[in-house]
Structures are given as structure tokens and as C-alpha cells.
Amino acid sequence: MQGLSTTTKHPTPAERGLRAGWWTYRRRQQLWGFLFALPAVILFAVFAIYPILQTFYLSFFDFNLVDPPQFVGLRNFETILTTSAFRDSIAFTFRYAFGTYIPTLVLALALALALNTKLPGRSVLRMVNFIPVVISWVIVAVVWKLIFHQNGLMNVFLSSLGLYTPDWLLSRDWAPYAIIIPSIWKEIGFYMVIFLAGLQNIPTVYYEAGKIDGTSAWQAFRYITLPLLRPTIVLAIVISIINGLKIFIPPFVMTQGGPAGSTRVMALIIYQTAFANGRMGRASAMAVMLFLIILLFTLIQNRLYGTGRDVEA
Amino acid sequence: MTNSRSPLRIALFVGIVIQTVLMMVPLFYMLSTSFKAQNEVFTLPIQWIPSQFLIENYTQPLQEKPFLRWFFNSTFVATASTALVVLTSSLAGYSFAKFRYPGRNLLFWIIIATLMIPLEAMIVPLFVLVRDLGWLNTYTGLIIPAGGSAFGIFLMRQHMLSMPDELIEAARIDGASEPYIFWRIVLPINQPALSALAIFSFMWNWNSFLYPLLVASTDEMRTLPIGLASFESAYSTNYPQLMAVSVLACIPVLIVFFILQNRFIESMALTGVKG
């Protein structure tokens, strides 16, 4: 629309006699527009659209990278859904996502509320709390693996309090927490920043009006902050759960999915099925399941947040 | 809410300071262990300051494994992918915001829809594709497939929509070519968005793990995170050396973070919402 209306205001290059006619000019503009989009379009076609379609295709085949794929119909799906390994993996992945991000978001919100007040040195406190976010996940996993060693920092701390000291990484019951606790530590700072941004968007007039009416700090939080922060909180929940469902590095580095599969998240079982066991078709079927689960959460997000309308604007 | 000297505020402040110090304990543990002798790691009570500082923990791994090469690989791959991401995103964002041609909206929506596809769900075909292209263990294989960002395209398009058309039209009337307009007018105007995208993209690539794990299997083509993970699995009980290389791998990121901190946090917040 813009292009058309402005060409009527100003003389087009065509009118100035640079090119044959208005139609040629329009064609050329269309061509330039398409050319500018082309590098991205090619990259996405080759490295995103083709691979995901191929994932669906391969999920119906038996494929080991060497021999040509053999069509097996739905057998891969039958196998993964009837054996406990993959079902356990789905269950643990959800347990990880919610077990990590519910505490993370609660703590991050508390931290954001505290650091949104005029505390001395709050920008330093914010910055320090953000440090774990920028440190690469591999380093975080390597360090926490030592912390959760039988004689590591965590058990030294627990025994000094006279508490039970599990062998975290070798126990089916405790290994999940050895993956979840470092994740909380790493992610708090990120969601703190998201919540701080949300809090700063709440106009102070609401609080001033509340003060005149004599609201307590709790009432201000309950009836002003929380409702106005709701979109941010909803968005943070959905995004963090989606990220949690895709987690790979901490179990890969710390436990390799063990002991006895108790920390084998979906991304890890896909990777191991494909590259350790060489069952590409079965891994693709698992990948289809992961894709559908993530898709479901993304659709929920769009429903709740209406990103579609934002893009249109 | 309450005045600045109230006991509640002092308690809050003390609480936050304690919490913040606790957040740093793992990193201090890493630093402290990195200087210890192997038999000192688990001695009780914990020695936060080692009895002696063993610099060999730092120098020995560097001789045994090509850490410098891994560092170079990460830097090179992240820089090149970031340059590609910035270029392809700004070109496509400009195209989707300011040009009209058949299929434009369809292309835009297909690219945005790929945000829903987790990389974890396409590792098998991606590996086969990169293998068939002959790109395993090459820089091309590490860089090119990471050269497009749906989020980047979305971000640039949103910024370019608010760019006045008159500016572009005026340049066209002056006879400027389309590439010239893009390079000399469109890119400079959108510089803040470009640098936010660059910071985000560099961080993302620098920490990228699963994709380089598929593509780089030889020692000399590994990026730093992959190299570190391979070192970890080979030397999993030499804790002082493991912590020493972790400290080394932290340092560049932390330096960049301290220099750019505010821009960094802003771009993480900006991009994290959609990333």
C-alpha cells in the first residue's frame, strides 16, 4: 500500500524517463523484494523445512544411516509407545520442566519484586544474579557435577546441618534433583530480568492511587502488581516450559541419562537412539512426538498471548 | 512504600545480599578447586583458599588438548554465523516490511512457523543432510546452517515497518540503486536493532551445543562447549583441571558481559521473550 501511495505523490523513476514504464518499474521492485528475501528463504527451506519434513518421513522407516531406509509403517511409533524407556523419558521431561520452572519463576518473581524497590546497590545485585545466565550450560553442568559428588559441596553442606547425604548422581531418586537444582540456579536471573521489565511497565499512578486509599503492601501486590503482570507471567510460564521440554546439556554432561534412565530427557533419548544405537527411524518417531508436544505448547501460548495479532500490527 | 530505614527494608536488603552471595558460591567453589591438588579437593573442612596454588592445573590441559583451537573455532564460528544471521535477517526483514510481491506473506509466515520446530526434533535429518553435503567436520557445516534466524527476521521486520517510506522513496528518486539504499540507508537507521540481534545471536552461537555436537566429531573441529564436554568425559575425575578449564572458558564471556552488561541484559530480555 505504502509503495503505491508514495509513487503517486512523487515522480517515479519511470516518469523521469529512467526506465520504460510503470509496470517495468513495479516488476523490478517486486524482483528486488524477492531477491532480498531469497538468502533467508533458501536457508530456511534447506535447514529447517526440509529436515522437519524428513523427520516425519523417516519416522515410518527402519534406517541405520548405511543401508537404504526400509518402510515399516507405524511400527516405530508402536515400539516407542509400548516400551517403558520412552514413556519414562516423556514423564521425566515433564517432571523436569515443571519441577525446574515453577520454583524458578516463583523465585525470579520474588527477586524481581525485591530488586524493583529502591535498594542500595540494586543494579550490582541484578547484574550478579544474571551471571549464571551468561555462563555456558556445559560449564554449569561440569561445576554442579562436582558439587553433587558424593563428597562434594552439597553433601558437605547437608552433613554440616546433620541431614541425610545421598549419592546424588548415582541414585535414581536423587539424580533428577541433581539436574533440576542447577537448572533453577542458572535460569532465575533470566526470568528476573523478564519480570523486572514487566514490573517497570506498570504505571506508578496505580500505586500512588492505592496509597491514597490506604492499601497495604500485600494488597498492592495482590490487586495491582499481580493482575497487571499477568501477561508477562503467563508468557514466562509457557516459554520456560517449552525450553524445559527441550533440555539436553545437563543430563548429557552430568548423568548421560542415568542412573537407570532416571534423568533421560526426550532430547537425550532421541540423540542416544540415533547416534549410540544407530536407530534413525525410531529416533525420528521419538522426534515427531517431541515436535507434537512442543507444538501443542506453542499453540497454547499463541492462544493465551495472541502473538498472531501482534505480528499483524 | 515504606521509608528507607525501616527494619523491613533492612531485612530485605540483607536477605537479598545473602541470596546473591549464595548464587556465587558455585562459581567460587569452581575457582577455588581449580587451584587445588587432586588429593585436596574433598578434604574437610572445605579449604576455600587452597594451601598452595597449582597453576599447572591451568597449563597442563592446554598442552594435552587443543583448547586454544576450540576457543578459536568457537570465536570464528560464532562471529561468522552472527554476521550471516544479521545479514540474512536484515535483508529478509527489509523485504517483508517494505516490498510487495506475490507470496511475500506466505514466505514470512512459513519462516515464523519454523520458530515452533525444536532443533532437537530434527537432529537425524540434519545430520544426514550435512553428511551428504560433505560438510561434517568443516567450518562451512558449522556456520551456514546456523546463518538464518526466524526470530532475527521477525525482529528486523518489526523495526523496519516503523521506518519512514519517504526516506527510501527519496533515495530512489535520486537514482540510488536498491542495494545501495539497503546498505547506506536501511542498515544505518536500524543499527540499534542490528546490534541487539548481533549480541543475542553471538551468545546463542557461542553456547550452541547440540548442533555442533552432531557436526564436529574430530578434535580439531570441536567448538569450546563440545571440546569441554569431551574433556570432561575423558578426565572426569581430575576435578582441579576440569574446574581450571571451566574457569578459562568462563572468562571471555564474563568480560564481554561486564563491558556490555546493560545492552546485554536488554537484548537478552528483548530476544528471550521470543527466542
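The values are calculated or read from the model by the stated rules, or taken from the named source; none is laboratory data. Because the structure is a prediction, the values reported are computed rather than measured. All Cβ positions, even for glycine, are placed from backbone atoms using ideal geometry, and neighbour counts span all protein chains on display. Side chains included, ligands, DNA and RNA excluded: accessible areas come from the protein's heavy atoms. Shrake-Rupley method; radii C 1.70, N 1.55, O 1.52, S 1.80 Å.
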Quiz prompt | Kirkwood Rh (inverse of mean 1/r, distinct Cα pairs), chain A, angstrom | solution = 24.0
Quiz prompt | Dimensions (Å) - region B:22-81, Cα atoms, principal axes, largest first | solution = 47, 30, 14
Quiz item: Using a basic spin-label model with each label point 7 Å from the Cα along Cα→Cβ, how many nm lie between B:ILE255 and B:LEU133?
Solution: 3.2
Quiz item: Which residue fluctuates the most in chain B, going by a Gaussian network model with Cα springs under 10 Å, if the choices are B:PRO118, B:PRO225, B:PRO252?
Solution: B:PRO118
Quiz item: About its Cα centre, how strong a charge dipole does chain B have in debye, to the nearest 20, once Lys and Arg get +1 and Asp and Glu get -1 at the Cβ?
Solution: 520
Practice problem: Enter the accessible area per residue of the protein assembly as shown (Å², integer; probe 1.4 Å; all protein chains in place). | Solution: 45
Practice problem: Estimate for me the total accessible surface buried between chains A and B (protein heavy atoms, probe 1.4 Å, no ligands or nucleic acids), in Å² to the nearest 100. | Solution: 8800
Quiz prompt | Positive-end extreme of charge dipole, region A:75-312 - chosen from A:THR83, A:THR225, A:THR104 (charges on Cβ) | solution = A:THR83
Practice problem: Mind computing the radius of gyration and Dmax over the alpha-carbon atoms of the protein assembly as shown? Å is fine for both. | Solution: 26.3, 89
Quiz item: Normalised by the residues of region B:65-234, what does the relative contact order come to in percent, with Cα pairs under 8 Å and at least six apart?
Solution: 44
Quiz item: Taking Cα atoms, how many degrees apart are the long axis of helix B:150-161 and the longest axis of chain B, rounded to 10 and kept between 0 and 90?
Solution: 50
Practice problem: Compute the length gained on full extension between B:GLN47 and B:ASP165: take 0.36 nm times their separation in residues and subtract their Cα-Cα distance, giving the result in nm to one decimal. | Solution: 36.0 nm
Exercise. State which stretch of chain A is the longest one without any exposed trypsin sites (Lys or Arg not before Pro), exposure meaning a DSSP loop state and at most 11 other Cβ atoms within 10 Å.
Key: A:119-313
Practice problem: Pick out which of A:ALA40, A:ALA178, A:ALA112 has the largest mean-square fluctuation in a Gaussian network model of chain A, springs linking Cα atoms closer than 10 Å. | Solution: A:ALA40
Self-check item: Kirkwood hydrodynamic radius over Cα pairs of region A:183-313, then Stokes diffusion coefficient at 37 °C and 0.692 mPa s, in µm²/s
Solution: 182
Practice problem: Kindly provide log₁₀ I(q)/I(0) values, in the same order as q = 0.15, 0.16, 0.22, 0.24 Å⁻¹, from the Debye equation applied to equal alpha-carbon scatterers of region B:7-56. | Solution: -0.52, -0.56, -0.76, -0.84
Practice problem: Output the Cα-based Rg and Dmax of region A:41-193 in Å, rounding Rg to one decimal and Dmax to a whole number. | Solution: 21.8, 66
Self-check item: Helix-only CD estimate at 222 nm, as mean residue ellipticity for chain A, using -39500 (n - 2.57) per DSSP H run (n ≥ 4)
Solution: -22500 deg cm²/dmol
Quiz prompt | Sulfur and carbon atoms: percent of accessible area, chain A [1.4 Å] | solution = 63
Quiz prompt | Interchain or long-range residues, amide H under 5 Å from A:ASP62's placed H | solution = A:GLN70, A:PHE71, A:VAL72
Quiz prompt | Modelled label reach - A:ALA217, point 7 Å along Cα→Cβ, region A:97-119 residues with backbone N closer than 20 Å | solution = A:106-119
Quiz item: Using a simple spin-label model with points 7 Å from Cα along the Cα→Cβ vector, what separation in nm is obtained for B:THR79 and A:ASN302?
Solution: 3.9
Self-check item: the protein assembly as shown, dipole about Cα centre (Lys/Arg Cβ +1, Asp/Glu Cβ -1), debye to the nearest 20
Solution: 1140
Quiz prompt | Choice from B:ILE55, B:ILE123, B:ILE18 with maximal GNM fluctuation in chain B (Cα, 10 Å cutoff) | solution = B:ILE18
Practice problem: Quick one: dipole size for chain A, taken about the Cα centre, charges +1 on Lys/Arg Cβ and -1 on Asp/Glu Cβ, in debye to the nearest 20. | Solution: 820
Quiz item: Where the Cα atoms of chain B are projected onto their three principal axes, how long is each span, largest first, in whole Å?
Solution: 76, 65, 34
